[in-house]
Every structure is written in C-alpha cells, then in structure tokens.
Amino acid sequence: MAKDNKKITEEMIKITGEQNVLFSENELIAYSTDSTNIYNPDEVADVIVFPENKNQVSNIMKYAYENCIPVVPRAAGTSVCGACLPKKGGIVIDFARMNKIIEINKDNLYCIVEPGVIVENLQKEVEKYDLFYPPDPSNLKVSMIGGSIGLSSGGPHTFKYGSTKDYIIDLEVVLSDGRIMNTGSSCAKDVTGYNMTQLFVGSEGTLGIVTKAIIRLIPKPEVKRVMFAYFDSLEDTSITVNDIISNLITPSVIDLLDKNTLNTIENFYPSGILKDKEAALLIEIDGFKSDIDKQYEKIIEICKKNNSSYIQTASTKEEEERIWISRRSSFGATAKLAPNVVTEDVVVPRENIVTLVKGIKEICSRYNLKTCIMGHIGDGNIHPNIALDLRNPVEFDNFQKAKTELFELALSLNGRLSGEHGIGCEKSYFIDKALDSVNLSYMKQIKKLFDPKNILNPDKIF
Ligand SMILES: Cc1cc2nc3c(=O)[nH]c(=O)nc-3n(C[C@H](O)[C@H](O)[C@H](O)COP(=O)(O)OP(=O)(O)OC[C@H]3O[C@@H](n4cnc5c(N)ncnc54)[C@H](O)[C@@H]3O)c2cc1C
C-alpha cells in the first residue's frame, strides 16, 4: 500500500506537470472503479497521472520502482473483470493524453499508435486508406488500444478475423524499473527469438506498460450485409452456425441473442426487434460485391432449412446501423433492469455451446438472477449479462455462487474462464482450477522476472 500520497503527488507533478495530475478525493474514487461495478473504500488510488510521452512513463516507473509504489495502467476503464482496480492503491496512469495515430503505412499494411487511441477512431482513420482494423470490443466508441492490448480484446469480428493478439506485431513497453523495451518489429513475419510481443498482449498491465504499438492492418472488405435471423429453438441456432461454416462461408460476425436479451433491448431501445422468438443470430457477411449475393442467398437457404421463422436484412446504411445499435445496446439495456449489471465471459469449443447456454440458464434461474444471454456463438464465447443489486447481500451471495458454478460448467465442457474479458481480480480466485499447475507456475515466474517488486497492477490474474 502506498503510504505518503502527498509526496507521490508532488513527484508526479514534477514528472508530468500540474496539468497532468489529479488528486482530489472524488477524482481518486472515480478512478478506483471500472465497469465491473466494484468499489472498495480501502482500495483507492493515491494519485492519477496523465503522461504525454514514454519518457514521462519511464520516469514514473523509475520512481515507483525505487519506492515500491503500485502502478495501474488504465485506458478507458471499461474492464468488466476488475482489471483496472487499484487493489493496493498507488499511481493510476491514464493514457488519454497519449492518443496519437503516429503513422498509417498503406504499402506495408501497418499503423503505429499510442495506447490512448480510441478503437473506433483508429478504425475510421485506416478506412480512409481502404484498410481495416477488425478487433472491435463492442464498446469501440470509448475503449482504447492500450486496453485492447491489455486484455487481448475480441468482439464480434473475432470469428473471421481473430482478436487483438492477431494484429499486434510490435510493442514499446516501459518495464517495472523504468527501462524501455521493444518487443518485435514492423515486419510481417518475424521469428527472431521468442515472441515477446504476445507475452505482453493480454497480460493486463501486469508485466509492463505499453507506450506504443505497431498494428497489422488488412485490406477493407468491399461490401458487407447484416441480418437478424430469428429461431424458436436454441438448438436450431447452433445447427445453423455449423451449416453455414460447412458450406464454406465464414461470416464476419455471427452473434447469438437469447429471448431475454431481445426483449430487454426492444423494451428500452425499440428498433423493431421481434420479442416472441427464442433466440436470434446476428449475421454479418463481407467480401467482394460480386460474391456477396451468393453468400447471402446460401445463408438465407440454410436459416430457412433450420426453421428460422423470420429474417430481417438491412437494406440501407441506416437499417444496418440500427441493427448494430440494437446489438451494442444489450449490456446497457440489461443495466436498466436493476442498479447493477455484471457480465461473464466463459468460452467453450463450439460443439458444446447449446449445453453451455442451457446450463447458464439453469444456474441463473436456480439462483434467481435476471439474466440476458448473448455472445459470439461462432467462437463458443457466451456473455450472460446479469442484472442485480450488488448491495443486496442475498443477491450478491447468489451471484458469487452462480459464478463459481458457471466456471465449473465451462471447465467441464473443455472451456475456459474468459474468451476476451480477461481475469482481473474477479476471476483470479478460480485460476488455479482453470490452468495446468506447471503452466501456472511458469506464469508466476514470468511475472516475478518482469516485476520483481510486484508493483505492476498487483492482485490481478493470480
Ligand atoms: C458494454 C461492454 C461491452 C464489452 N464488449 C466486449 C467485447 O465484445 N469484446 C471484448 O473483448 N471486450 C468487451 N468488453 C470488455 C472491455 O471493455 C474491453 O476488453 C476493452 O477493450 C477494454 O478497453 P479499455 O480501454 O476500457 O481498457 P481498460 O479497461 O482501461 O484496461 C484494460 C486492461 O488493460 C490494461 N492497460 C490499459 N492500458 C494499458 C497500457 N498502456 N499498457 C499496459 N496495460 C494497459 C489495464 O491495466 C487493464 O488491465 C466490454 C465491456 C463493456 C462495458
């Protein structure tokens, strides 16, 4: 625990200037929570600092290392696993002021960015060059590249295009003692030694602090088409997904929304979603203009064969946008059902998806939890969004028990605790059951090697 926050604040002001430091009580409290809905008055940051360049980050780390002060890197703070919580107080580094897109290199298909770049801004900028950065953590209007790297964020495009880890080719990282390291290169291929870049992607700020990234880009698909296909049974959605894939089509998005999700979205953000169906698949296809009709007709044929009772296809940009706004509203709409909403992120091999979804429904109904289930069915990755009042001890206790059963269920189906949200401090209590013990012991040794004083985002993952 950091002791003397006046001294730390003065030091941060010396390093970054007064305009880049926050230390009022309210500001410290605001930075001691994230989208996980957790706030513990005993776990509050001592100071918030907004560095403007890598040298300032390096100086912050040199000071923190010498004085054993915890440091939590933070992007937009939308983590839903408590990955940004300052569990031991200390310095929170906010990257909002390191938000430059330094270069977009069309010929070599990469860009160089600072960690505070907002994901949607990057997508829009590269589109001007007919390029595409696919990872989309669903809240791309606010979340930042630094957070995407910290969690290896995925999102709806992962099924076809992969997640953040598939696009990061080089990182500039400030280490716990303030030294600066480059992990890779701007080359499309690189096996010059160990793959250090990937070690940092998804490490939740526990191994080093990213101050610059080189990101691979791909050519932008010429056209896309979006549709909602409704079904009266969960099984039919799963069969449909498998049929689409076995017909050699890879949709750019294939997401599942259950009946509660469809109803909740339509109740709070009406956009014409059908409320009487058991489930819907949001399907997006993309590619060349000459090919899109063929893909589309095949998908319609497959959906109908598998008893889809209704299909809504966007025929204008506005309709397309409306479908996407509905889909992106699922978390926000669920949040209107109770004072809090929490979300989980288990992932299983796709063949086990129906068993997983049915199991989640059963667990949540047994614990009386209002649950809207949606997820990236193509990846086997399901998000139960649970609306509850975390101040109510019975509801809180029920949620904790349900969560543990959910993890056990996922593991019993050869699954994992997280497909894209990470572990943070919310799932760390279960990590030793989820990982091979030798693997876990190597992870802990890696943490010790990079962060011998345990100052980088402590109490996360393990
Ligand atoms: C409504 C909603 C929908 C979501 N949907 C998805 C989804 O579909 N897919 C998905 O993958 N996630 C999703 N998430 C989870 C989360 O928002 C994303 O993973 C997002 O990418 C996190 O970005 P952020 O900028 O908020 O990062 P933060 O939450 O600020 O940080 C995330 C992690 O990265 C670390 N970090 C931040 N900056 C740095 C840095 N410079 N160097 C090193 N570490 C750093 C932090 O310490 C933390 O561990 C969703 C969350 C919400 C609230």
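Just a few scattered comments:
- Pick from segment 1-22, criterion charged (D, E, K, R) and closer than 20 Å to L456 by Cα, ranking: modelled with the highest pLDDT: E11
- If you go through segment 126-176 and keep only what is over 20 Å from V348 (Cα atoms), buried (at least 24 other Cβ atoms within 10 Å of the Cβ) and within 6 Å of the ligand (Cβ to nearest atom), you end up with S143, M144, G146, G147, S148, G150.
- Restricting attention to segment 4-50, the residues that are touching a helix residue (DSSP H, G or I) at 6+ places or on another chain (Cβ under 6 Å) and without any contact (Cβ under 8 Å) to a residue 12 or more places away in the chain add up to 0.
- Subset of segment 187-207 that is among the β-branched types (V, I, T) and under 20 Å from E420 (Cα atoms) - its residue that is nearest to the chain's Cα centre (by Cα): V201
- Looking across segment 385-430 at every residue that is β-branched (V, I, T) and in a helix (DSSP H, G or I), the one that is farthest from A338 (Cα to Cα) is identified as T404.
- Qualifying residue in segment 41-64 (condition: surrounded by fewer than 24 Cβ atoms within 10 Å (Cβ to Cβ), within 11 Å of the ligand (Cβ to nearest atom) and more than 19 Å from T16 (Cα to Cα)): no
- Checked against (1) within 15 Å of the ligand (Cβ to nearest atom); (2) in a loop (DSSP other than H, G, I, E, B); (3) free of Cβ contacts under 8 Å to residues at least 60 places away in the same chain, K88 passes all but condition (3).
- Each residue in segment 358-385 was checked for being out of contact with any Pro (no Cβ under 9 Å at 6 or more places or on another chain) and under 17 Å from L262 (Cβ atoms), and 6 of them qualify.
- Pair list, Cβ under 7 Å, 6 or more apart: segment 95-110 residue more than 10 Å from V126 (Cα to Cα) and in the same structural domain as S143 (by TED's automatic domain parsing), other residue of a type in the set (S, T, Y) and more than 15 Å from the ligand (Cβ to nearest atom): N108/S186
- Test: residue in segment 347-367 that is touching a residue at least 40 places away in the same chain (Cβ under 8 Å), within 16 Å of the ligand (Cβ to nearest atom), under 22 Å from the mean Cα position of the chain (by Cα) and not in a loop (DSSP other than H, G, I, E, B): yes
- Cβ-Cβ distances below 7 Å connect the following pairs, each with a first residue in segment 59-79 that is touching a residue at least 60 places away in the same chain (Cβ under 8 Å) and assigned to a helix (DSSP H, G or I), a second residue that is of a type outside the set (A, V, I, L, M) and surrounded by fewer than 20 Cβ atoms within 10 Å (Cβ to Cβ), and a separation of six or more residues or different chains: N59/G178; M61/D177; M61/G178; K62/D177; K62/G178; Y65/D177; Y65/G178; Y65/K453.
- Selection count where residues are under 20 Å from I38 (Cα atoms) and without any contact (Cβ under 8 Å) to a residue 60 or more places away in the chain, scope segment 404-425: 1
- With a requirement of 1 or more residues that are touching a residue at least 40 places away in the same chain (Cβ under 8 Å), β-branched (V, I, T) and closer than 20 Å to G77 by Cβ, the helices (runs of 4 or more DSSP H) lying completely within segment 143-241 that satisfy it span 145-151.
- From the options I373, I382, residue that is within 15 Å of the ligand (Cβ to nearest atom) and over 22 Å from S148 (Cβ atoms): I373
- For segment 445-462, filtered to residues that are away from the ligand (no atom under 12 Å from the Cβ) and within 17 Å of D46 (Cβ to Cβ), the residue that is farthest from the chain's Cα centre (by Cα) is K453.
- Selected residue [of a type outside the set (F, W, Y), under 27 Å from V223 (Cβ atoms) and at pLDDT 95 or above] from L356, L274, L337, L281: L281
- Of the residues making up segment 16-25, one or more are away from the ligand (no atom under 16 Å from the Cβ), over 27 Å from the mean Cα position of the chain (by Cα) and of a type in the set (S, T, Y).
- Search result, residues across segment 242-255 that are in contact (Cβ under 8 Å) with a residue 24 or more places away in the chain and part of a loop (DSSP other than H, G, I, E, B): N247, I249, T250, P251, S252
The values are calculated or read from the model by the stated rules, or taken from the named source; none is laboratory data. Just so we're clear, the structure is a prediction, and the values are computed from it rather than from any experiment. Cβ: placed from backbone, ideal geometry, glycine included. Neighbour counts: every protein chain shown.
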